[in-house]
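What follows is a set of notes on a single structure, which appears directly below.
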Amino acid sequence: MIENKIKTLRKAAKVSTMQDADKIWCVIAGSEEMINNVSYEAILNKDRVKILCREHIKAKESFVTQKFDFLMLYGDENKLRDLSMMSKDQGGAYLKIAPYYTKNEPNLLLLVGMDNHIIKFMGDGEKSRLDFKFLLEDKTTGFIETDVSITRKMPSLIKKTIDPLFKLADVELSTVLISSGDEDDLRGIKDLARKNKLFIIEFEKFLKED
């Protein structure tokens, strides 16, 4: 039931809300190499695109530490479209955020994490009756880096043979934009996101970057 609800929301999110904005926000998540490539292209076009923040994130689960990078950009819509397509071609996830959302949706939050964690967050939020709206979502299609702690205890020769097998894993990473209700809901959502090992960022702090 929850997954069907999410699928319906995803279809609704595909409806164009870009309007004719000259400048938009864009968030990109994926492997460090992909983010490096997008960052380099953004720096070359710094007159059209501004890098608002970049984060390197580690999420540990059992013996596996999953590593990915998160990038937030603001600038020319056409250039950000090029960068978002570049990220998708290299296996990343991206969200383009038009001014429509910042003007019409309160308490915007960005969530990034493993897809199964996002789904659990949605289910837990529904159980807790938290008031939030699912707006946009995208997933990675490529590899992110992982580190398996049990290989650290192996003899060096075996480790050199086995370690590369664990370095890249086809783990689905999701980037989600939601809006919340009042302050109590906002606090509950942030607590729930952390419990589900999601990277969370409040979008409001970047609105002054316009």
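Since every read-out is calculated from the coordinates, none of them should be taken as a lab result. Worth saying up front: this structure is predicted, and the values here are computed from it rather than measured. Because the Cβ atoms are built from the backbone with ideal geometry, glycine has one as well, and the counts that use them run over all protein chains shown.
Tell me the net charge near PHE199. Cut-off is 11 Å between Cβ atoms, PHE199 excluded, with +1 for each Lys or Arg and -1 for each Asp or Glu.
Result for the neighbourhood of PHE199: +1.
Assuming R0 = 22 Å, what is the FRET efficiency of ASN45 and GLU172, from their Cβ-Cβ distance, to the nearest 0.05?
0.15
What ranking do 196-206, 42-52 get when scored by the average of other Cβ atoms within 10 Å per residue, highest first? Walk me through the numbers on the way to the answer.
Working: 196-206: 17.2, 42-52: 14.8.
Result, highest mean first: 196-206, 42-52.
Taking each pair of different alpha-carbon atoms in region 72-115 once, compute 1/r for the pair, average those values, and report the inverse of that mean as the Kirkwood hydrodynamic radius in Å to one decimal.
When all Cα pairs of region 72-115 are included, the Kirkwood radius is 12.1 Å.
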